[in-house]
1. How many of the residues in segment 41-64 are within 15 Å of the chain's Cα centre (by Cα), in a loop (DSSP other than H, G, I, E, B) and either among the hydroxyl-bearing types (Ser, Thr, Tyr) or within 20 Å of CYS20 (Cβ to Cβ) (or both)?
2. Kindly indicate whether any position in segment 151-174 is part of a strand (DSSP E or B) and not aromatic (Phe, Trp, Tyr).
3. Output the residues belonging to segment 178-199 that are within 24 Å of ILE17 (Cβ to Cβ) and either part of a helix (DSSP H, G or I) or among the hydrophobic types (A, V, I, L, M, F, W, C) (or both).
4. Could you list, in sequence order, the residues of segment 87-144 that are among the polar types (S, T, N, Q) and within 23 Å of LEU175 (Cα to Cα)?
5. Looking at ILE38, ILE17, which is the one that is in a strand (DSSP E or B) and free of Cβ contacts under 8 Å to residues at least 60 places away in the same chain?
6. What are the residues in segment 1-13 that are hydrophobic (A, V, I, L, M, F, W, C), in contact (Cβ under 8 Å) with a residue 60 or more places away in the chain and either touching a Ser or Thr at 6+ places or on another chain (Cβ under 9 Å) or under 22 Å from LYS122 (Cβ atoms) (or both), if any?
7. Scanning segment 108-156 for residues that are of a type in the set (Phe, Trp, Tyr) and closer than 22 Å to SER19 by Cα, which turns out surrounded by the most Cβ atoms within 10 Å (Cβ to Cβ)?
8. Return the only residue of THR209, THR197, THR146, THR117 being within 16 Å of GLN5 (Cβ to Cβ) and free of Cβ contacts under 8 Å to residues at least 24 places away in the same chain.
Amino acid sequence: MHIEQMKVGTMAVFAYIVSCETEKEALVIDPAGSEGKILDRVKALGLTLKYVVNTHAHADHTCGNSKILSKTDALLVIHEDDADPLTSGKNKAFSLALGKKPSPKAHLLVKDGDFLTIGREKFQIIHTPGHSPGSMCLYGTGNLFTGDTLFVGAVGRTDLKGGDLGTLLLSVKKLLSLPPETRVWPGHDYGETPVSTLAHEKETNPYITDFL
C-alpha cells in the first residue's frame, strides 16, 4: 500500500491518495481543495482512480468531489447516514462559500462492516458516528483513516447538527479495539504530528485518557 497525505484547501484538511502498488488502483479520501494537485499526483504515479471516499458529508471535506469526479471515472462513496446531508442546501451553501462546486450525490452508499477494494488492498468501513451521523473510518493493512472522528491529540467537534459527544466517545472506544500499532491518519492537521498510532493516542489523547 502506498499512502500520500496532502494538506489541502483553507481549513487544514488532510486528503489522502491511497493506492495498490502492484495493480496501480487508487482511492482518494476527502478531496477538500487543491483538486488539480491531487489529480496531477494521481497521474504522476500512474494510478487509476477507482473511488472518491468521503469520511463524512461536511463540505470542508467534500467540496472537491465535483471536480475530481468530472475528470475521472471514479465512484463517489459515503456512509448511508450522511448521503442526504452531502447534497443538502446547507452543505451546498458551505461549498459555494469555499469557492467550490457542491458535491453530487454519491454513487455508492456503504455501512458498517462493508469493504472497498483497490487492486490487492482491502479496506473495512467502520461506522463512527458522533461528529456526524454517518461519519466513518477506513481500516486496512495496519492503517486507519479517521476523518473527523479521531485527531492526533483530540477528537472531532460535536456541536454541529447531528453531533453528540457521548456517541463520538463510543466510536473512539470502538476504534481502540484495533491493534495498538495501527497508524492513525487524521482528517485535519490539528496535532503535534501529522500521523499517530492508536497506542500513542490511548496513552496521550485527553479524550481517551480522561473519558474512556
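1. Residues of segment 41-64 within 15 Å of the chain's Cα centre (by Cα): 51-64.
Now drop any that are not in a loop (DSSP other than H, G, I, E, B), which leaves 54-58, 63-64.
Filter again for either among the hydroxyl-bearing types (Ser, Thr, Tyr) or within 20 Å of CYS20 (Cβ to Cβ) (or both), leaving 55.
The number of residues fulfilling the criteria is 1.
2. Taking segment 151-174 and keeping what is part of a strand (DSSP E or B), we get 151, 154-155.
Now narrow it down to the ones that are not aromatic (Phe, Trp, Tyr): 154-155.
Yes - at least one qualifying residue is present in segment 151-174.
3. LEU178, VAL184, TRP185, VAL195, LEU198 - these are the residues of segment 178-199 that are within 24 Å of ILE17 (Cβ to Cβ) and either part of a helix (DSSP H, G or I) or among the hydrophobic types (A, V, I, L, M, F, W, C) (or both).
4. Passing the criteria: THR117, GLN124, THR128, SER132, SER135, THR141, ASN143.
5. Working: ILE38 fails: in a strand (DSSP E or B).
Residue meeting the stated conditions: ILE17.
6. Once the filter is applied, which keeps residues that are hydrophobic (A, V, I, L, M, F, W, C), in contact (Cβ under 8 Å) with a residue 60 or more places away in the chain and either touching a Ser or Thr at 6+ places or on another chain (Cβ under 9 Å) or under 22 Å from LYS122 (Cβ atoms) (or both), segment 1-13 yields MET1, ILE3.
7. Filtering segment 108-156 for residues of a type in the set (Phe, Trp, Tyr) gives 115, 123, 139, 145, 151.
Next, from what is left, pick out any that are closer than 22 Å to SER19 by Cα: 115, 123, 139, 145.
Working: PHE115: 12, PHE123: 24, TYR139: 20, PHE145: 27.
Per the stated criteria, the residue is PHE145.
8. Values: THR209 fails: within 16 Å of GLN5 (Cβ to Cβ); THR146 fails: free of Cβ contacts under 8 Å to residues at least 24 places away in the same chain; THR117 fails: within 16 Å of GLN5 (Cβ to Cβ).
Exactly one of THR209, THR197, THR146, THR117 is within 16 Å of GLN5 (Cβ to Cβ) and free of Cβ contacts under 8 Å to residues at least 24 places away in the same chain, namely THR197.
Coordinate-derived values only; no laboratory data. Only a predicted model underlies this, so the values are computations on that prediction, with no experimental measurement involved. Cβ atoms come from the backbone with ideal geometry, glycine included; neighbour counts cover every protein chain shown.
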